[in-house]
Amino acid sequence: MPMKLYAHPDNYKTKKALVAAKFVGLEIEVPKGGGAETGKIPVLETAQGCIFSSTAIARYISRISRPMGLYGQNLIEGGMIDSWVEFCANELEVPLCTWVLPLMGVFQEVPEATALAKEDVKRALTVLDKHLLHNTYMVGHTVTLADISICCALVDAMKLVFDDQFRKQFGNLMRWFDLCLAQPEFKSIVGDVKFSGKAGAKEAAPKKEAAPKKEAAAKKEAAPKKEAKEAAPKKEAAAKKGAAAPKKDAAPKKEAKKDEEPAPPTPEELEKMKKDKLKKVKKEGGKRGVEIEGAADMGGLQFFCCSVDLPEGDVELLKTSMEAMNEKSDPTEEERKGGSGHIGKTIFSAGTEQLAVCAYVPPEKQGELNCKEWLQATLANFGGEVVESGAAMCVGRVKTDADKGVFPLKIREPMILEANNFLRKKGLFPDNDDDDDDECVFGDDDFPSM
């Protein structure tokens, strides 16, 4: 017997619960006219009792299927999802309603409040855009309740007030929004979203006022005066043009500047750039190694998967990053580096032309896991290739293929999940079905300092 959700079917808060239900495979019926009969809505009617408040309903539905992960894969992810759900409700939805609902005819617009709401919305969207610069989804590597809440809250604004110029400011946010809407679970509930062309069109309409007839008559009388005034400037302009003529000789200088091209870097400059890049890669790798050591020890993990940024898809630099992670840590140093040589790892780095992947299995764990098999399993579903293999370290890559929709940033998170799934099959990684809430699974979002 399906649950019943008494709510306004077109409200974004209702859609939030229905999208979550699609993800977890839950059948929910929305009775027509149910809201008027029950009074307070939304209300979810279940066999065990009723739940009211849209956020409480969405949270309940998201927790029904733990393997689906709408509420995260561990306690820290659950906390992060709660943070973004609260941010959405308080920092985004309140000003959005003030801006959008008057255009939907819900209540009369208060211009002063609308102006303030627009600024608040911009601030909230800037926070989201910066967060999504380095994250495909709001939390973790798959859709969660955080994505569902924020995406549904933005739909009406995307249709009515976020025009082309406004959306250009938030490229990362728009990439994420399109990614969410491409999911069949979103599409079946939200449908196709037709973006607003010009948000100001509706607001500008009241400004049109008919000019008084008396003023029009006065303007006609003033016309001869304007002609007289305009005659003098024309003469002056003609004189200025004559005086300005010699300046045309300066034109070749401008052309010469345009033709000048910056000199290519010298061999010495190229060498310095290379050394600086290598130094940064080692520093990032060493710092990440310390964090992996701490996170793995806390979660009791022997194997770990994460991404690094600075190698930018370069296979050799990714190997350097792995070596920096594995360097023996000196506890006496003010800033520790490395220290994760005893932990098996697969690390990923996205560039424009390819996604580089490096797998490492320490000698003492090679009896449990074959490094090359791990890498091959990670690459298999994405058309990747192994370019270098060894007992302890193997390196591979997946090249960008626009025709097939293969882009490094797009496939990075699914490949991290694939690497973890291979470990699960071997019994080397915590299973999501385990009922022990103390078992932690760490990912990139557990490193706020990076």
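If Ser62 satisfies every condition in (1) at pLDDT 90 or above; (2) out of contact with any helix residue (DSSP H, G or I) (no Cβ under 9 Å at 6 or more places or on another chain); (3) under 20 Å from Leu18 (Cα atoms) but one, which is the exception?
Result: Ser62 passes all but (2).
Inspect all residues belonging to region 61-75 and state whether any of them is more than 24 Å from Leu26 (Cβ to Cβ) and of a type outside the set (Asp, Glu).
No, region 61-75 has no match at all.
Give me the pairs, please: first residue somewhere in region 50-70 and touching a residue at least 40 places away in the same chain (Cβ under 8 Å), second residue anywhere and basic (Lys, Arg) and assigned to a helix (DSSP H, G or I), beta-carbon distance under 8 Å, and either six or more positions apart or on two chains.
Close Cβ pairs (under 8 Å, with a partner that is basic (Lys, Arg) and assigned to a helix (DSSP H, G or I)) amount to Ser54/Lys13; Ser54/Lys16; Ala58/Lys16.
Being in contact (Cβ under 8 Å) with a residue 60 or more places away in the chain and out of contact with any strand residue (DSSP E or B) (no Cβ under 8 Å at 6 or more places or on another chain) is the requirement here; does Lys365 meet it?
no
Report yes if Val290 is open to solvent by less than 60 Å² (accessible area, probe 1.4 Å), farther than 21 Å from Asn74 by Cβ and modelled with pLDDT of 85 or more, otherwise no.
no
Does region 299-308 contain at least one residue that is assigned to a loop (DSSP other than H, G, I, E, B), open to solvent by 60 Å² or more (accessible area, probe 1.4 Å), modelled with pLDDT under 95 and hydrophobic (A, V, I, L, M, F, W, C)?
No: zero hits.
Among the residues of region 356-379, write down those that are assigned to a helix (DSSP H, G or I) and open to solvent by less than 70 Å² (accessible area, probe 1.4 Å).
Correct list: Lys365, Cys371, Trp374, Leu375, Ala377, Thr378, Leu379.
Whether any residue in region 330-346 is open to solvent by less than 60 Å² (accessible area, probe 1.4 Å), among the hydrophobic types (A, V, I, L, M, F, W, C), within 25 Å of the chain's Cα centre (by Cα) and at negative phi is what I want to check.
Within region 330-346, not a single residue is open to solvent by less than 60 Å² (accessible area, probe 1.4 Å), among the hydrophobic types (A, V, I, L, M, F, W, C), within 25 Å of the chain's Cα centre (by Cα) and at negative phi.
Answer yes or no as to whether Glu385 is surrounded by fewer than 20 Cβ atoms within 10 Å (Cβ to Cβ) and in contact (Cβ under 8 Å) with a residue 40 or more places away in the chain.
No: the conditions fail for Glu385.
Scanning region 403-421 for residues that are over 20 Å from the mean Cα position of the chain (by Cα) and without any contact (Cβ under 8 Å) to a residue 12 or more places away in the chain, which turns out surrounded by the most Cβ atoms within 10 Å (Cβ to Cβ)?
The extreme case among them is Asn421.
Evaluate the following for Ala124: is it at pLDDT 90 or above, over 17 Å from Cys151 (Cα atoms) and open to solvent by less than 70 Å² (accessible area, probe 1.4 Å)?
When the stated conditions are applied, Ala124 does not pass them.
Hey, can you tell me all the residues within region 145-199 that are open to solvent by 20 Å² or more (accessible area, probe 1.4 Å), in contact with a Phe, Trp or Tyr (Cβ under 9 Å, 6 or more places away or on another chain) and outside any helix (DSSP H, G or I)?
Asp163, Gln183, Val193, Phe195
List pairs: first residue in region 309-322 and over 13 Å from Gly285 (Cα atoms), second residue acidic (Asp, Glu) and open to solvent by 10 Å² or more (accessible area, probe 1.4 Å) anywhere in the structure, Cβ distance under 8 angstrom, at least six positions apart or on different chains.
Partner pairs satisfying both residue conditions: Gly313/Glu353; Val315/Glu388.
The values are calculated or read from the model by the stated rules, or taken from the named source; none is laboratory data. All values derive from a computational prediction rather than experimental measurement. Don't worry about glycine lacking a Cβ; one is built from the backbone with ideal geometry, like all the others, and counts go over all protein chains shown. Note: accessible area is taken over every heavy atom of the protein model, side chains too, but ligands, DNA and RNA are not part of it. Shrake-Rupley method; radii C 1.70, N 1.55, O 1.52, S 1.80 Å.
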